[in-house]
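Just so you know, all these numbers are worked out from the coordinates, no wet-lab data involved. Small disclaimer: the values here were computed from a predicted structure and weren't measured. So basically every Cβ, Gly included, is an ideal-geometry build from the backbone, and we count neighbours across all protein chains shown.
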Amino acid sequence: MGGRIVVEKVLHLISGGDVGGAKTHVLTLVKELQKSMPVKIICFMEGLFAQEAREMGIDIMVLPQNRRYDLKVVGTLVDIIKDEGFTLIHSHGARANFITRFVKKRIPIPCVTTIHSDFMLDFKGNLYKHIIYTNLNIFALKKFDYFIAVSQSFKNMLIGRGFPEERIFTVYNGIDFDEKIEYKSRESFLAERGLSHLKDKKVIGILARLHPVKGHEVLVDAVSKILDQNNEVHVLITGEASELPELNDKIRKLGLENNIHFIGFVDRSYDFLNAIDINVLTSYSESFPYVLLEGARLKKPTVASAVGGIPMLIDDGVNGYLFKAGDANELGRKLSVLIKDEVLCKAFGEALYIKASNNYSLKNLASKHMEIYNKVAESVKK
């Protein structure tokens, strides 16, 4: 079924303000899909997402919204779908899901959405957004025909929340391990961030948005214990301290300002990953994060919380370390081992690269999506 294209043309919808894993997923997936079928992205704001899409040669259109509730774009979208002959909508994220809900009321087109995160946690930390946007997303999700979960745990989550199992597919993320990648040297990246003095230090990095679900405080607590034995260890956190004031307060109270560094926004993940020695992810909830695949591409030793699809990639003690989410003591112990053992770091990095490249390629990701599109199209025709 994967070789025969039943779906003629797919329209991807996404807000356009996305960063991190969702951005990487959609852009790389569409770039690969367009080698085999007509596909287009429409987003609802200008920004880095649209800019990168154009640079990648992707067919993208921006339909600006005045605000999230602005539904004027619905009529335009319906016209575009009819005029350009789209046969399926693939939506990503709360805003796109909400808009797709109203498009579907106007035109009978099959709709699929990818569940990139736990939608009950997306707006955690902002009570207003959590109450309003989470409920709007749930309202929209109930009208979708099919769902793509990026890990088995997310599929189980959907089933547990009442979504029908037979309409949920599981597809793990993938990246292009063959494409040549370019990145800045460790020295130049650190120099740009005013951290040249760290070039010969042991550097731990966490590439994740500053959001409570990402568990940055767990890393802070773990590092506070490590520094009792080795004060030459440093941590790079992407983003600004002002984005998560309580985390910055914790760092100051523990007296860790000289060892934990907020380095601002990072738009090129490989620049960051090349500059660190150990890749860490401390999330309480995850799908199948791209930052771990990207770290694997650079053979970085990795420590991550055992949530979502992460244990599908990392075999604890074989190609990296896992720890129980929220357990700073376990994280600290495992980081201490890696900090002291260069041979183990190298072995973990090599083993992680082999597993990731063998199992989570971009070609595999695109092929599975085409199979899903065909299955959806065939089910609608029955």
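Projected over every direction and averaged, the convex hull enclosing the alpha-carbon atoms of the range 173-264 yields 7.3 nm². Neighbours of residue 369 by Cβ distance under 13 Å: Lys/Arg scored +1, Asp/Glu scored -1, total +3.
When Rg and the Kirkwood radius Rh are both evaluated on Cα atoms of the range 2-62, their ratio Rg/Rh stands at 0.98. Between residue 200 and residue 258, the modelled labels are 1.8 nm apart [label points 7 Å from Cα along Cα→Cβ].
With neighbours defined as other Cβ atoms within 10 Å of a residue's Cβ, the residues 367, 151, 242, 379 order from fewest to most as 242, 379, 367, 151.
Distance between the C-alpha centres of the range 183-251 and the range 357-382: 38 Å, rounded to the whole angstrom. Stretched out straight at 0.36 nm per residue, the stretch from residue 167 to residue 19 would grow longer than its current Cα-Cα span by 50.5 nm.
Once Rh is set to the Kirkwood radius over Cα pairs, what Stokes-Einstein translational diffusion coefficient, in µm²/s, holds for the range 72-216 at a temperature of 20 °C and a viscosity of 1.002 mPa s? List each step's numbers first, then the result.
Working: Rh = 18.5 Å.
In µm²/s, the coefficient is 116.
Between residue 268 and residue 364, residue separation times 0.36 nm minus the direct Cα-Cα distance comes to 32.2 nm. Going by neighbour counts of Cβ atoms within 10 Å, the residues 348, 147 line up, fewest first, as 147, 348.
Take the Cβ atoms of residue 46 and residue 315, set R0 to 41 Å, and the FRET efficiency comes out at 0.45. Secondary structure note: in the range 186-359, about 5% of the DSSP beta bridges are antiparallel.
Ellipticity at 222 nm from helices only: DSSP H runs of n ≥ 4 in the chain, each -39500 (n - 2.57), divided by the residue count, give -13500 deg cm²/dmol.
Residues 217, 232, arranged from fewest to most other Cβ atoms within 10 angstrom of their Cβ, appear as 232, 217. Taking only alpha carbon atoms, the range 186-359 gives an Rg to Rh ratio of 0.92, where Rh is the Kirkwood radius. Be a star and scan the range 218-233 for residues whose amide nitrogen sits under 17 Å from the point 7 Å along the Cα-to-Cβ vector of residue 333. Taking a point 7 Å out along Cα→Cβ of residue 333, the residues of the range 218-233 whose backbone N falls under 17 Å are 219, 221-227, 229.
Rg/Rh for the range 268-310 stands at 0.95; both radii use Cα atoms, and Rh follows the Kirkwood definition.
Per residue, the convex hull spanned by the alpha carbons of the range 212-260 comes to 68 Å³. Quotient of the Cα radius of gyration of the chain and 2.2 N^0.38 Å, N being its number of residues: 1.01.
Expressed to the nearest 5 percent, the antiparallel share of DSSP beta bridges inside the chain is 0 percent.
Taking each residue as 0.36 nm, the span from residue 83 to residue 246 lengthens on full extension beyond its C-alpha to C-alpha distance by 53.7 nm.
Estimated from the Cβ-Cβ distance and a Förster radius of 22 angstrom, the FRET efficiency linking residue 129 and residue 105 is about 0.35. Taking the C-alpha atoms only, the angle from helix 72-84 to the longest principal axis of the chain is near 70 degrees. Taking a point 7 Å out from the Cα of residue 156 in the direction of its Cβ, the residues of the range 290-310 whose backbone N falls within less than 12 Å of it are 307-310.
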